[in-house]
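Participant: The structure's right below; bear with me while I get my questions together.
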Amino acid sequence: SAPTGFAPEPAPSPLELMMQAPPPPLRIDLPHGLWLIPEADLQLWATIVDMDDAARNDPIVIGDPDHREGFSVRRARLGLTAGLGSLARIRLTAGWQDRYHALSVRPTGPRLVEASFRFTPFQFIGLTAGYTRVPFGRQQANSSMDLALFERSMLSEQMTPSREPGVVLGGSIGPKDSAVMPEEAFSYEFGLSNGTPDITGDLDPEPRLSARLQVNLFDTWAGRESRFSEASPGALSIGGGVMHNRALEANTTTVGADLGIQVWRIQLQGEFAWSKAVPTFDTEGIPELLSSRTSMGWYAQFVFAVVPEWLEVAFRVDGYDDNLALDDAGNRLDLTGGVNLLLLQGRLKLQLDYIHREELIDAAKTANDSLVMVLQARL
């Protein structure tokens with residue numbers, strides 16, 4: 001007799017598709033250990049309230065996002081990462097970014113975001129070369145999609161470089177089957193880079209030297225501020241770094257320390273950084289408080305995953321002083337609170353954040369708070 005036919009499977013509902021979506025990144029496995037990860041990111045801002053007076057605030061106030069009420073496309077990126085198992089990886093990413101300060105030129109065209117090659121013959125040692133991240137700071141290593149709030153802290157924005165042409169040597173080690181230390185308990189990175197983000201080279205031949213060490217205890221540290229899973233029995237991560245950049249105008253040394261704690265659905269994170277810039281030119285006759293500059297920044301951040309990988313609330317307080325010897329508009333304290341809604345396993349992220357910017361000197365006080373809704377989408 002003829003085989004009995006089966007009814008076709010019903011099409012999955014939108015809710016089922018949302019639940020079945022794989023978490024980012026989207027990885028395509030090829031024969032012989034090769035793999036590809038395409039990258040497409042879009043970030044849309046809706047500035048609901050902006051108290052900023054552009055003519056008065058933008059030239060003097062650090063950290064103001066400089067956006068008027070309304071919609072703006074903050075960022076769009078396209079890229080591709082290709083690799084051979086865990087041995088080698090090459091990444092190329094470029095895009096547009098609408099981010100500027102009143103004293104800088106508004107970007108009008110695409111720019112290179114990252115162009116790097118990574119070779120890791122062993123877990124405990126690997127080499128990354130190209131236009132890549134500078135190994136300093138905990139928050140700076142996170143992409144915007146994995147940030148708890150739509151903006152990084154003032155410490156990360158003002159004192160921590162992002163990407164520069166150079167090389168980074170790093171790796172991780174740790175015991176196996178330990179109840180106290182995960183397999184990547186100790187990680188290190190040493191960097192040698194231009195000292196400026198210009199991909200065409202640095203006018204100053206002296207490079208930036210940077211180093212970062214991190215110790216993770218009890219459980220693997222995911223590193224993400226957002227879209228993190230519940231940690232059990234908990235995770236503790238302690239880090240620190242140092243940078244030195246000998247430039248044409250000044251020699252700058254920066255040291256930092258950071259801490260991350262994750263228990264159940266709660267993640268606490270904080271950083272502190274201190275930096276001193278000493279001019280390389282003759283400063284005779286110039287007051288010391290103007291000839292050299294010592295700056296300091298810090299932040300403490302709280303994130304609670306109300307529903308893990310679905311709904312989060314976050315709060316951060318951070319301070320920054322661009323010159324400890326001067327009392328001016330550079331003495332800042334920011335308070336930021338927000339709610340994150342995550343969909344499609346974190347590929348779609350909706351954030352609503354309110355940021356209060358407090359100038360600590362009475363003469364510099366101005367109204368420049370913002371209420372911003374951010375929609376981020378990732379392939």
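Participant: Taking segment 338-379 only, how many residues are among the charged types (D, E, K, R), at pLDDT below 95 and closer than 21 Å to residue 76 by Cβ?
Facilitator: Count: 2.
Per-residue answers, yes or no, for (1) out of contact with any Phe, Trp or Tyr (no Cβ under 7 Å at 6 or more places or on another chain); (2) open to solvent by 20 Å² or more (accessible area, probe 1.4 Å); (3) among the hydroxyl-bearing types (Ser, Thr, Tyr):
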site: 140; (1), (2), (3): yes, no, no
site: 143; (1), (2), (3): yes, yes, yes
site: 149; (1), (2), (3): yes, no, no
site: 157; (1), (2), (3): yes, yes, no
site: 173; (1), (2), (3): no, yes, no
site: 180; (1), (2), (3): no, yes, no
site: 191; (1), (2), (3): yes, no, no
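Participant: Let me ask you something else. Could you give every pair whose Cβ atoms fall below 6 Å, whose first residue belongs to segment 359-379 and is within 15 Å of residue 45 (Cα to Cα), and whose second residue is open to solvent by 40 Å² or more (accessible area, probe 1.4 Å) and in a strand (DSSP E or B), counting only separations of at least 6 or pairs across chains?
Facilitator: 371/48; 371/49; 371/354; 373/352; 375/44; 375/350; 377/42; 377/348
Participant: Pairs under 8 Å by beta carbon, first residue open to solvent by less than 40 Å² (accessible area, probe 1.4 Å) in segment 278-300, partner at pLDDT below 70 and part of a loop (DSSP other than H, G, I, E, B), six or more apart or different chains?
Facilitator: 291/283; 292/283
Participant: So, one more: Answer yes or no as to whether residue 327 is among the acidic types (Asp, Glu), open to solvent by 10 Å² or more (accessible area, probe 1.4 Å) and either farther than 24 Å from residue 77 by Cα or in contact (Cβ under 8 Å) with a residue 40 or more places away in the chain (or both).
Facilitator: Answer is yes for this residue.
Participant: Here's a follow-up. Would you mind finding the one in 143, 156, 193, 178 that is closer than 24 Å to residue 37 by Cβ and small (Gly, Ala, Ser)?
Facilitator: On the way: 156 fails: closer than 24 Å to residue 37 by Cβ; 193 fails: closer than 24 Å to residue 37 by Cβ; 178 fails: closer than 24 Å to residue 37 by Cβ.
The unique qualifying residue is 143.
The values are calculated or read from the model by the stated rules, or taken from the named source; none is laboratory data. Quick caveat: nothing in here was measured; it's all calculated off a predicted structure. All Cβ positions, glycine included, derive from the backbone under ideal geometry; neighbour counts span all protein chains shown. Accessible surface is based on the protein model in full, side chains and every heavy atom, while ligands, DNA and RNA are left aside. Shrake-Rupley method; radii C 1.70, N 1.55, O 1.52, S 1.80 Å.
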